[in-house]
């Protein structure tokens, strides 16, 4: 359960090189490199296609229909951060638009991940400020109730601790705990380095059945071919 | 509950200048200008991005799986209208395609808002005829049952009266009652005129906390900073 | 109920000319030409817009979170096929990415229809390998359990028999039984040949009410106009 | 769109005998008697089974997470009323519990229909105060924002005007416009009077095919029997 | 894809003793005995708790909003059958009420499984006629379009062939192919005969960890205990 | 993100008297007493009505379709515990049935809260072993993958730490952090002690408008009465 009304100013951010480097690997490879955990629910979709980012999480907890804390979190953003916004109950309101995006971008934020809605998506797209959200909605919010900044939050079903690395692209959003960022970068790079050769073989018509030596285990499992 | 089998030919359309002028403000600003009411459910999404329109509503009530009344409403369209289609029960069928769009466009319609599905979306995109719907579906409909034209309808949870102004863009769809169109245009313009200066300040790194003088009320509400 | 652990190598594919020719008609026209049946649920959406394909179905039955059989089905693909993947229970995992797409494409597949999720959608888009799915997700899968290949499967609510023709575009996905492929092609072409003339009339302002002679049946059904 | 901040004290209630008499017919028969319109969405479910009520609607418009107006509507309740509560946006919070139910019951209300959530359902059941809602939730609400009382509202997709008759039972909730209450009662009674004889025949093994003389139209429509 | 407008009068029903005997085992045990396949989607819920039935499937394919074929299927019911109703598209209308239930019961049907809605649920409960459906709705249907009887249908995601055995209880609905009915009955009985002894041990405080000898494989998989 | 493959044997349980005493207050009152936080999503429903429990949380993290860890958590249960089960991805499978319930009950567990499905609900009801879940499903699970026991988990959107107090009844499920259990008990009792008097007044016809002195603030907010 959440602590309300607090702003933690000092958080331990993940290793910068790892936080920056994971973007290039993409969410699917990073998710695999971590052992298939860390993924936010697939209802989290980008407002435009093609963005691929990573950065360190600063978190904000909001109340339904109230975006007051978005202004509070803006002050805590540093270069290379990604804001992760959770809400205390289901809500699809548009908590975030072009003005807040201007402020976030000026503070150095690379993206917003929000378990709710956003608006002004045409302008956000022109600004190249990517957002992953579960809704797009013109519905505005009020500024009346305190939440918190930089506490651990549950965003789209995943626990995100301030300082964790967020990796987001067209496939979805993954959270890498800050203590595992470097190891995950290594594992993900290793994974990817093997893909070029595999891709060439598959493009040449080699079957995964042979390349991965699956025929024997499939047969052992009882697979039968019928002509 | 709905009156069935009637077509109202004479409706009071909102002030033309207001109906035309609201498009430039966009659905989010208009929604704010009305006091955060009037929004259709956010499941209403454009079939392609970038369209931003406003116009006067002509309404049509349909039955599930039956688009007969779409041909009846076509005759009632005038230049600058937007057709708002409601259905008497949940349905995602494709009620509308390129032929009807050709007819609607020829009659002067600017868009269709439909609480159901559409099809031929590739052609509609090429025609620049925007549609906001809750589904895209190849599923066709029959022509067997009477609905009504230009009665008040509930579309995506919102009551729309014929002659109201519809404002639609990538953020969603807002309905402005015809009697409030001019006042809403004024309020929305006033709202927007303030945004340029705010944007410049925020882009320069000024925080919303300071610009909106939020530090004191946040502190009064009990917000605590922890180092 | 499904037969598990079998791969049927010899299937009766629909007439090739029909399987190839139906793409040009599009899913909506084909669906109408069959009497408004054969449509997969509208939750099946393309990962990018603009693709319009048809081809013969090879089917694969998968288990939740397990894509082992995707490698088995790859071997059964022939030029002009479309892979139709069903899952034994609800699942949105990303069963398919750029490596499998490379393999499928090398084997001659034109598309994938999957009642689950896919990933690497940016790369799939660059490869021009279209996928219709109900989700996009970074979540990977394991390779542990046998399903089947080329048995009749239920995909997005529709029964698909191996060799049937699949027609897919921005409007959705339709399945044409292999025995009805040629007749459906004829009916769909006939249907489309009439559309040009209709479109011209409607563009000129002729109403569907008059073109389709609907005024009398509407009146007979009791429609009343009120001034 | 809604008028906010108003309470209409004088409403035209439907004929009392009709409002009282419709309960015995049940929502399914009443819905048929009106020509299959007037039904609220089937997500509206009773909090306990077996209740079957009808009464005149007093309406209340609420904001998400705010039940202030529930106290305002309480004063407008008269004997034989049913409170119909709509919300300006999607919300499943528990707006109503045993204290409000005590007050509503003391004022003469027969039930609550709410397009949101309720709580204290065990106590409400013991009190025999039925509620039809789309959710059950412990989540409380605040008292901060004005809505309205006795304006026309959209509840679960249906327009309800103050004074209309509400009929609710285990099958769902139907709204009968106050001007049609008497005619609907007549039609529903006529409909039901025929059911006893039909039931006896069907129980004796007579087929609907014969009783309703369907064999010929089915054959004319092309139905084929295959042995 | 479905064959429309046909009624198959002669179907091969599963072994009667197996069809009757499976009820006592329950859907969960039967589902396990088949290797965890055959389950209809869990959105299929009983209209009242406590019913536990099995029987041979007679199938009916319906169109959205049209229950004409329910009267056609009634004639094909024999003692010990369960009617399985599929719809060609998503629909929650109330296709079935107390009159049809009277007819079905008189013909010997034990239950209805319907991938849509039902009504008159209070009366159905009093009649002890169980229904598993995905919705309850007062909304009635018309009688206008031909479907089919006793063709294979997809019901709640599962392919059901006429003559298969249906097992339904509070946990859900399972379909057992008629050719596997006897073998499944044997396997399910064997499974259940072992449960009594297990239950006694567990009730005495023996852990599944020890009874199933899981400690070693858990440790081999890497499980660590931390004090 | 979750630590996998670990079992914490020593957890700090909340004060026993508080953990036991909160049941009597019920989830709605406890939720209010904590300032309207701590509620699991309202999709969590009891398998039978009338149960009202509280206890200390032991947590278990499961994988989709795999209930191996349910046997591991059984050993960690002590008298007065409630098992809280989370899953690493969306799943509605039936992870828990009468055998596990027998074991849990023998170990002293009072209930199960599971963000997935259960089965054997008829037997669980007879055993008086309550479960709150988001689904009921016959679908069984395998035993193949390690999760964890007694780590903090996200269950139905709420973070639950081992040792927290769970309060569950017909209205839903609330989590009270172990450090706040006593204070919450006090606050909840105080809250409830005031309700008796209020209820008597409301039952006598006094309006909440007067009892809570709302008329003035409503008028100040602009509420208008129209005759």
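Just so it is clear, none of the values below were taken in a lab; they were calculated from the coordinates. Remember, predicted model here, so these are calculated numbers, not experimental data. Backbone-built Cβ (ideal geometry, glycine too); neighbour counts: all protein chains shown.
Quick one: Cα centre-to-centre distance for segment D:11-43 and segment A:170-189, in angstrom? Between the Cα centre of segment D:11-43 and that of segment A:170-189, the gap is 58 Å. Label-to-label distances for residue C:215 across copies, nearest first, come out at 4.5, 6.3, 7.4, 7.4, 9.0 nm, using points 7 Å from Cα in the beta-carbon direction.
Based on C-alpha pairs under 8 angstrom that are at least 6 apart in sequence, segment B:54-192 has a relative contact order of 29 percent. Diffusion coefficient (Stokes-Einstein, Kirkwood radius over C-alpha pairs, 10 °C, 1.306 mPa s) for segment F:164-227: 105 µm²/s, rounded to a whole number. Here the residues C:69, C:127, E:34, ranked from fewest to most Cβ neighbours within 10 Å of their Cβ, fall in the order C:127, E:34, C:69. How large is Rg/Rh for segment C:99-166, to two decimals, with Cα atoms and a Kirkwood Rh? Result for segment C:99-166 is an Rg/Rh of 0.95.
Over the protein assembly as shown, the Kirkwood radius and the radius of gyration, each from Cα atoms, give a ratio Rg/Rh of 0.94. Each other copy places its own label point for residue B:15 at 4.5, 6.4, 6.4, 6.4, 8.2 nm from this one, sorted shortest first, where the point lies 7 Å along the Cα-to-beta carbon line. Taken residue by residue and averaged, Cβ atoms of other chains lying within 10 Å of the Cβ of D:140-153 number 3. To the nearest 10 degrees, how steep is helix C:181-193 against the longest Cα principal axis of chain C, on a 0 to 90 scale? Once rounded, the angle reads 40 degrees. For the rotation that carries chain D onto chain E, the axis lies closest to a Cβ at D:49, 6, where the number is the distance in whole Å.
In percent, rounded to a whole number, the relative contact order of segment E:1-107 is 24, using alpha-carbon pairs under 8 Å and six or more apart. Each other copy holds its own label point for residue F:143; taking that point as 7 Å from Cα along Cα to Cβ, the gaps run 2.8, 5.5, 5.5, 5.8, 6.4 nm, nearest first.
Centre-to-centre, using Cα atoms only, segment B:139-165 and segment D:128-149 are separated by 29 Å. For segment F:112-211, the percent of C-alpha pairs falling in each 5 Å distance bin, counted from 0 to the bin holding the largest distance, reads 2, 9, 13, 15, 15, 14, 10, 9, 6, 3, 2, 1, 0. Here the residues E:199, C:13, ranked from fewest to most Cβ neighbours within 10 Å of their Cβ, fall in the order E:199, C:13. For chain F, list log₁₀ I(q)/I(0) at each q in 0.10, 0.16, 0.17, 0.18 Å⁻¹, using the Debye formula over Cα point scatterers of equal strength and ignoring solvent, two decimals each. Relative scattering, expressed as log10 I(q)/I(0), comes to -0.49, -1.01, -1.11, -1.24. Computed log10 I(q)/I(0) for segment A:1-130 at 0.23 Å⁻¹: -1.65, from the Debye equation with unit scatterers placed on every C-alpha and solvent omitted. Sort out for me the Cα centre separation of segment E:70-93 from segment D:58-126, rounded to whole Å. Here the answer is 39 Å between Cα centres.
Explain nothing, just the number: relative contact order of segment E:111-196, from Cα pairs under 8 Å at least 6 residues apart, as a whole percent.
18 percent.
Each label point was placed 7 Å from the Cα along the Cα-to-Cβ direction; for residue E:227 and residue B:206 their separation is 6.3 nm. The angle between the Cα long axis of helix D:98-107 and the longest principal axis of the Cα atoms of chain D comes to about 80 degrees, rounded to the nearest 10.
Counting neighbouring Cβ atoms within 10 Å and putting the fewest first, the residues A:98, D:169 line up as A:98, D:169.
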